[in-house]
Amino acid sequence: MIIDFIVDRKYVCGIRIFEDLVPKTAAEFRRQLPLRTKLQHATLVGDQLFAVLPLVIPMENYILTQDLGDMRRKEKGTVAGTVVFYSPRQVFGVTYSDDLAIEPLGNSFIGEVIDGLTELALVGEETWRKQDKFVELRIRDEAAAAA
């Protein structure tokens, strides 16, 4: 499944959800998206954008933030593009640079950005300075995208 991350009605990036690793999360997204909500900056976590979603989803593909950062740097060279869902607060988070807090906070590692990292970083910096944007999460029409 690919989710389009749209900020203030402009396409920013595509996010691949790891359906094989987070099937309950993927199923809930399929039931509930599209959703539009306030976009916020998680300054204390690092360079991460987040949106609180009205979804109750159990933790899946659980990993500590510090371990996720280490793993992504080894596999991809950066943490940028990492997508998590923090179930206790219903937070959908997208990391837009290599700055991610080293802390033992558990998250569901649910996906990764597949395009638009530069655009995402720009929106991240803008949102860090002024939190006045809205994000829409919409499932991409996979049949149309394949054609």
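Computed from the coordinates by the stated procedures, all read-outs in this text should not be read as laboratory data. In this text the structure is predicted, and so the values were computed from the model without any measurement. Quick reminder, even Gly has a Cβ in these numbers, built from the backbone with ideal geometry, and neighbours come from all protein chains shown.
Which of the trypsin sites (Lys or Arg not before Pro) across region 59-147 are loop residues per DSSP, with 11 or fewer other Cβ within 10 Å?
K130
Around P58, under 11 Å between beta carbons, what's the net of Lys plus Arg minus Asp minus Glu among the other residues?
The answer is -1.
Between beta-carbons, use under 12 Å as the cut-off and find the net charge around V79, counting Lys and Arg +1, Asp and Glu -1.
Working: positive: R72, R73, K74, K76; negative: D47, D67, D70, E75, D98, D99, E112.
Overall, the nearby charge balance is -3.
Scan region 20-94 for chymotrypsin sites (Phe, Trp or Tyr not before Pro) in coil per DSSP, keeping those whose Cβ has at most 11 other Cβ atoms within 10 Å, and list them by number. Intermediate results must be reported in sequence, preceding the final value.
Working: sites: F29, F50, Y62, F85, Y86, F92; in loops: none.
Listed in order of number, the matching sites amount to none.
So between I114 and D70, what do we pick up on full extension, going 0.36 nm a residue minus the alpha carbon distance?
That works out to 13.9 nm of additional length.
Under a straight-distance cross-link criterion of Cα-Cα below 14 Å, which aspartates and glutamates are reachable from K24, leaving out those fewer than 8 residues away in the same chain?
Within the straight-line cut-off, K24 pairs with E60.
Calculate the dipole size of the chain relative to its Cα centre from +1 charges on Lys and Arg beta carbons and -1 charges on Asp and Glu beta carbons; express the result in debye to the nearest 20.
Dipole magnitude for the chain comes out near 420 debye.
Could you sort out which of K10/K130; K10/K76; K38/K130; K74/K133 sit more than 21 Å apart by Cα distance in this structure?
K10/K76; K74/K133
So what's the back-of-envelope 222 nm ellipticity for the chain, counting only DSSP H runs of four-plus at -39500 (n - 2.57) apiece and dividing by all residues, rounded to 500? Show your work: numbers first, answer last.
Working: 4 runs with 40 residues, N = 147.
Only helices count here, giving -8000 deg cm²/dmol.
Quote the charge dipole size of region 55-141 about the Cα centre in Debye, to the nearest 20; the model charges only the Cβ of Lys and Arg (+1) and of Asp and Glu (-1).
It works out to roughly 120 debye.
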